[in-house]
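The values are calculated or read from the model by the stated rules, or taken from the named source; none is laboratory data. All values reported here derive from a predicted model rather than from experimental measurement. Heads up, the Cβs are rebuilt from the backbone with ideal geometry, glycines too, and the neighbour counts pull from every protein chain shown.
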Ligand code: SF4
């Protein structure tokens, strides 16, 4: 009879396999859609303006990241804890519940960006978990001036390309999580800390 810990490990491994297979499909769909896009996008390697915005992810994706990069996640745990507390403080200052919901998301995201946070996985302008970055990152592209993604004083990107994959991807990833006992959506730092506890 497998122990509870062994069952969790198996569920996490299965979740990882499913998310990674899904990421391959998403990338293929995004490639096809961007190839057929008039005028292309202005995103370039090393730009990373979007990595300074609040990233939202599903529990299944966070588990995949933790299982795929355990040493990197361990190394950044203090940063994720600090960012999780910063989010709580932003919510408290605005009288909002700390959970990320459709109602709280815009207010939390705006203040997060204005405070100048950046993703703990970003190093020297590059994503250190690029192959397994969340769907919110792998489907975010803009056609507007990259400066709009970088500088809160200038404003947010105005011409965001939203690949079809994003529209159905969150629902699919929540189903993956549900099959393995953990289906939720949270800000990336919160989701990573949650997944680390299951690891
Ligand atoms: S996971 Fe990677 S791509 Fe996504 S915000 Fe973080 S550094 Fe950027």
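General remarks:
- Looking at 72, 37, 87, 54, just one residue is touching a residue at least 12 places away in the same chain (Cβ under 8 Å), surrounded by fewer than 17 Cβ atoms within 10 Å (Cβ to Cβ) and within 15 Å of the ligand (Cβ to nearest atom), and that residue is 72.
- Scanning segment 127-145 for residues that are part of a helix (DSSP H, G or I) and either under 15 Å from residue 54 (Cα atoms) or near the ligand (Cβ under 7 Å from one of its atoms) (or both) yields 130, 135, 136, 137, 138.
- Check on residue 183, within 12 Å of the ligand (Cβ to nearest atom) and in contact with a helix residue (DSSP H, G or I) (Cβ under 7 Å, 6 or more places away or on another chain): no
- Of the criteria (1) surrounded by fewer than 16 Cβ atoms within 10 Å (Cβ to Cβ); (2) away from the ligand (no atom under 15 Å from the Cβ); (3) assigned to a helix (DSSP H, G or I), which one residue 95 fails: (3)
- Criterion: on the phi < 0 side of the Ramachandran plot and at pLDDT below 95 - qualifying residue of 160, 176: 160
- Positions within segment 131-156 being over 22 Å from residue 177 (Cβ atoms) and out of contact with any strand residue (DSSP E or B) (no Cβ under 7 Å at 6 or more places or on another chain), in sequence order: 144, 145, 146, 147, 148, 150, 151, 152, 153, 154, 155, 156
- Test for residue 54: is it in contact with a strand residue (DSSP E or B) (Cβ under 6 Å, 6 or more places away or on another chain) and assigned to a helix (DSSP H, G or I): no
- All positions within segment 57-69 that are within 13 Å of the ligand (Cβ to nearest atom) and assigned to a helix (DSSP H, G or I): 61, 62, 64, 65, 66, 68
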